[in-house]
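What follows draws every value from the coordinates through simple rules; no lab data is involved. What you see is a predicted model, and the numbers here were worked out from it, not measured in a lab. FYI the Cβ positions are ideal-geometry reconstructions off the backbone, even for glycines, and counts take in every protein chain you see.
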Amino acid sequence: MSISIQDYKTANEIFFKLLKKNEIQEKDHKELFLAYINNDDVRKALQVVCEASQAKIIAIYDKLYLIPDEDNDILGFNYRKTTLLGNDLADSYLAYLIITIIFAEFTNEFSPASYIEVITLLELVNESLERAVTRPDSEEIDRENSINIVAIHRLWSDKNPWDESDKNGFRTTKGEFKIGFIRKLISFLKGQDLIIYITDEDKIKPTTRFTELMNHHFLDEDRKNLIESLLLEKREL
């Protein structure tokens with residue numbers, strides 16, 4: 001049975017709205033949401049569009065999300081070629097690792113953080129990288145899992161610390177400062193609607209979008225466990 005013109009139109013409308021906002025909520029677009037949930041032909045039409053666009057649509061509770069494929073250069077970015085924060089690829093890999101620390105704090109299955117103060121995040125990155133690089137098996141883990149912790153630690157160590165007496169230094173967003181690099185990363189995650197930055201308390205908290213996507217789509221348990229064991233677990237004394 002062929003897909004009707006109307007179902008193709010509905011599929012295109014869903015895809016267009018997802019392109020604009022990355023999500024569709026049932027309360028705002030009930031007809032489109034239910035068309036995706038209940039109409040096989042609409043989903044088949046969307047599958048064709050998504051394959052051509054290197055993306056996928058997932059339904060979580062009362063929302064639809066548009067997720068770019070890993071190497072999508074149009075809807076997302078190719079992390080092997082494109083810098084995350086507009087610097088170079090080395091800074092991008094450092095940024096990915098800090099993002100992993102943030103995500104691990106917010107998704108810890110035993111005691112997930114409801115918020116992280118920015119100054120605490122700075123300490124977490126310092127401590128986690130120092131802990132990782134001093135492990136006797138850090139170089140072996142690098143080779144086996146393509147995580148160049150030694151080089152990332154060196155890059156982080158070369159960035160300037162902020163001067164406690166200089167409030168402007170503390171609030172900087174310049175990438176050559178450790179705190180500034182973190183603040184640039186926070187701005188990026190905020191732009192992706194993954195975190196909320198509470199200005200007066202200088203802390204971040206996860207959005208509903210973050211929590212739903214992490215819990216129902218993105219968490220690769222094996223990879224998450226590897227990163228947590230390398231960066232976040234306490235060493236035995």
Built amide H within the under 5 Å cut-off of Asn160, gap 5+: Phe177, Lys178
For Ile195, distant residues with modelled amide H under 5 Å away: Lys190, Thr207
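About the Cα centre, and with charges only on the beta carbon of Lys, Arg (+1) and Asp, Glu (-1), how big is the dipole of segment 5-68? Nearest 20 debye, please.
Working: 10 positive and 10 negative charges, 38 e Å.
For this selection, approximately 180 debye.
Evaluate segment 5-68: find the radius of gyration of its Cα atoms, find its Kirkwood radius, and give the ratio Rg to Rh.
0.91
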Phe110 versus Asp193: modelled label distance in nm, points set 7 Å from Cα along the beta carbon direction: 3.4
Per-peptide average of other Cβ atoms within 10 Å, ordering 126-134, 54-62 highest first: 126-134, 54-62
Distance between modelled label sites at Asp62 and Thr134, nm, 7 Å Cα→Cβ extension: 5.0
Estimated vicinal HN-Hα couplings, Hz - segment 31-48 in sequence order (Karplus 6.51, -1.76, 1.60; Gly, Pro = x): 4, 5, 4, 5, 4, 5, 5, 9, 10, 4, 5, 5, 5, 5, 5, 5, 4, 4
Under 5 Å, built H, 5+ apart or other chain: amide partners of Ile60: Tyr65
In nm, spacing of pseudo-spin labels at Thr211 and Ala52 (7 Å Cα→C-beta vector): 3.8
